[in-house]
Structures are given as C-alpha cells and as structure tokens.
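Peer 1: Got a structure for you, written out below as structure tokens; questions coming shortly.
The values are calculated or read from the model by the stated rules, or taken from the named source; none is laboratory data. Quantities reported herein were computed from a predicted structural model and do not represent experimental measurements. Quick reminder, even Gly has a Cβ in these numbers, built from the backbone with ideal geometry, and neighbours come from all protein chains shown.
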Amino acid sequence: MFTRLDHLIVAVKDLEEAENNYKKLFGISPVWKGAHKDLGTSNSLFNFENTYFELLSASGNGAGADLVNHYLAQSGEGLIGMVFATEDINSASDSLVEKGFLVEEPSSGQGINNSDQQTRNWKNLFLPPELTRGIFSFVIEHLDENLPQSKALNASSPHKLDHVVINTNDADGFIKIYKDAFNIRLALDKIIEHWNKRMLFFRLNKTTIEVIEQKDDLPSNDQMWGLAWDVKDIEKAHKRLTTEGIEVTPVQKGIKEKTLVATIKSHNHNVPTLLIQHLD
C-alpha cells in the first residue's frame, strides 16, 4: 500500500532562521522553498536519497497555519508529522475502508516554488485519529516529477534517513495500525533488557521506524521523538559541524555493532538528531 516514508514535517516559528540552521546542519541547501497559499503555510524542503525533510511555518490563514500554530503552542518547535507515499491513493483509501476505517475522500494539493513559480501537485488522504494517535500523518500520491536531488551531498552530509524514533504507550495497538492496517513490515519486536522497554522496528524502503514503548494508564498515544541520519564519513561530518559552530558530541561506537554515532545538540529546533555511520 505504501511505497516509502515520503517526508517528515518539522514545525518552526521562523522559517528563515530554521532554514539557515539546517543548511549548516545538513551541509546542503533546500531544493524547494515554497508556499501552500490555501493552507496559510510556507516551507523549505531538503531532499535525501530515501525521503525529504520539510520545515513548515505559518505564514497566513488557513487549516495548515492553524495546525502549525496549535503544535507550536502545545509543544514548541519540533517534529510533528510523517507522510507515507503511495502510487495509487484511491487503492490505499479502499484498503483502509475494507479494514473498517472511516476515511475522507482524497483531496488535491499544490505547492508553489518561490524562486521560479514552479508548481508541484499531489493528492492527499488524511487519516482518522484512530490511525494517527497524536501524530500528524497522511498519505500522498505525487502527480509530478520527484524533487531534484541536492547537488552538494558529500561524505560529510547526511545522504539518507536511517531511522525515525517514535514513543508509544501501546505497542500492541501500534502493531495493529502499522502492520495490519498499513501493511508495513514488522522486522523486530523484543524487550531491550538494559532499558526494560519493548522495542519495535518497522521497515519501509530502506528506512526504519523505531518504536519504543513506555507504558502508562493514559489513552493510546504516539509521539514522534527524533531522527537518525546516515552519513558516509562521520569524522568528516563532525569536523564540518564543529566548524559551523554546531554543538555535537564526540564520535563513539554505537549500540548496534559496526556503527559510529554522534549526537547533534544545537541548531536542530528541538528535533533530537543522531548521525550514524555503518562500517560494514
């Protein structure tokens, strides 16, 4: 049903400031800077091999601006959503209806690039609350060509998303949605002893959705927590980041064998951010 994790959404107060910070953090420039006029939002898009990263701010009036302002008032800047790509949005909608979920009809969307007034068109399928459980999530079918790849990607820049981390208080319910309703492959379900927590790994187009359960007595709820970006040379990445004035922890061995990691501590607009290099 879903072909990939299409993009991640980060709500920010000042789009220009956030864009400048992430240009330093990623070592690349956005490939698209545009607006959703009907929604009252503006965005900057950074493109990678397996997903793209959207900075989103309120710039007018509309449902999108209301959403961004709601998240900013509730939690401040940070990760608010993830979007799944499909090649047939009507089929995806029918599949969810067949499984007993009430979904609205797909709607049309359009973005306009500020630099050349180029447009991008797509169809959206917004998901009901019982499938999102606190995460802003929807399905998208792109009707135009893919975003251009950044020409500046090098060994010191992230080249793809390694994994996204989600906290949940209901792992069984999460499985029912992501495995049973969304047909995303569940690759791991185990108790991590030194944390005494249950962890799930879902795999979708070379990207991992890592889920950590923290049980409580509240209604089922999921929250996006952080991102891990794959770099080809973490020492070069570390040097570039410190030169840019970004606070980053020393490079060390990761929990996973044959990995090196470093954590970015500044310029991330409340998005916990890890760099990881796979050595095999």
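Peer 1: So how many residues does the stretch 243-258 have that are more than 30 Å from residue 134 (Cβ to Cβ), in contact (Cβ under 8 Å) with a residue 12 or more places away in the chain and either charged (D, E, K, R) or in contact with a Leu (Cβ under 8 Å, 6 or more places away or on another chain) (or both)?
Peer 2: Residues meeting the conditions: 3.
Peer 1: Going residue by residue through the stretch 258-266, is there one that turns out to be in contact with a helix residue (DSSP H, G or I) (Cβ under 6 Å, 6 or more places away or on another chain), assigned to a loop (DSSP other than H, G, I, E, B), within 26 Å of residue 71 (Cβ to Cβ) and not polar (S, T, N, Q)?
Peer 2: No - not one qualifying residue is present in the stretch 258-266.
Peer 1: Let me ask another. Out of everything in the stretch 200-220 that is of a type in the set (D, E, K, R) and within 10 Å of residue 188 (Cα to Cα), what residue ends up being surrounded by the most Cβ atoms within 10 Å (Cβ to Cβ)?
Peer 2: Step by step, filter the stretch 200-220, then rank; the result is 210.
Residue-wise test of (1) over 21 Å from residue 35 (Cα atoms); (2) buried (at least 16 other Cβ atoms within 10 Å of the Cβ).
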| residue | (1), (2) |
| --- | --- |
| 104 | yes, no |
| 114 | no, no |
| 121 | no, no |
| 127 | yes, yes |
| 130 | yes, no |
| 133 | yes, yes |
| 136 | no, yes |
| 140 | no, yes |
| 148 | no, no |
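Peer 1: Just give me the residues in the stretch 150-160 being surrounded by 17 or more Cβ atoms within 10 Å (Cβ to Cβ), within 19 Å of the chain's Cα centre (by Cα) and more than 15 Å from residue 45 (Cβ to Cβ), in sequence order.
Peer 2: Answer for the stretch 150-160, where residues must be surrounded by 17 or more Cβ atoms within 10 Å (Cβ to Cβ), within 19 Å of the chain's Cα centre (by Cα) and more than 15 Å from residue 45 (Cβ to Cβ): 157, 159.
Peer 1: Residues of the stretch 137-178 being touching a Phe, Trp or Tyr at 6+ places or on another chain (Cβ under 7 Å) and free of Cβ contacts under 8 Å to residues at least 40 places away in the same chain, which ones?
Peer 2: 143, 178 - these are the residues of the stretch 137-178 that are touching a Phe, Trp or Tyr at 6+ places or on another chain (Cβ under 7 Å) and free of Cβ contacts under 8 Å to residues at least 40 places away in the same chain.
Peer 1: OK, next. What pairs can you find where one residue is in the stretch 224-242 and modelled with pLDDT of 95 or more, the other is charged (D, E, K, R), and their Cβ atoms are less than 6 Å apart, with a gap of 6+ or different chains?
Peer 2: As it stands, the answer is 228/162; 230/160; 230/162, since those pairs meet every condition given.
Peer 1: Here's something else I'd like to know. Is it true that some residue in the stretch 231-241 is of a type in the set (A, V, I, L, M, F, W, C) and part of a strand (DSSP E or B)?
Peer 2: Taking every residue of the stretch 231-241 in turn, none turns out to be of a type in the set (A, V, I, L, M, F, W, C) and part of a strand (DSSP E or B).
Peer 1: For the structure I just gave you, tell me whether residue 68 is touching a residue at least 40 places away in the same chain (Cβ under 8 Å), within 19 Å of residue 126 (Cβ to Cβ), assigned to a helix (DSSP H, G or I) and not polar (S, T, N, Q).
Peer 2: For residue 68, the condition - touching a residue at least 40 places away in the same chain (Cβ under 8 Å), within 19 Å of residue 126 (Cβ to Cβ), assigned to a helix (DSSP H, G or I) and not polar (S, T, N, Q) - is met.
Peer 1: A follow-up question, please. Just the residues that are buried (at least 21 other Cβ atoms within 10 Å of the Cβ), among the polar types (S, T, N, Q) and closer than 20 Å to residue 180 by Cβ, please, taken from the stretch 50-92.
Peer 2: The answer is 86, and nothing else.
Peer 1: Any chance you could count how many residues in the stretch 13-31 are of a type in the set (Lys, Arg), assigned to a loop (DSSP other than H, G, I, E, B) and more than 21 Å from residue 76 (Cα to Cα)?
Peer 2: Adding up the residues that qualify gives 0.
Peer 1: Shifting gears a bit: Of the numbered conditions (1) surrounded by fewer than 16 Cβ atoms within 10 Å (Cβ to Cβ); (2) closer than 30 Å to residue 63 by Cβ, residue 187 satisfies every one except a single condition; which is it?
Peer 2: (2)
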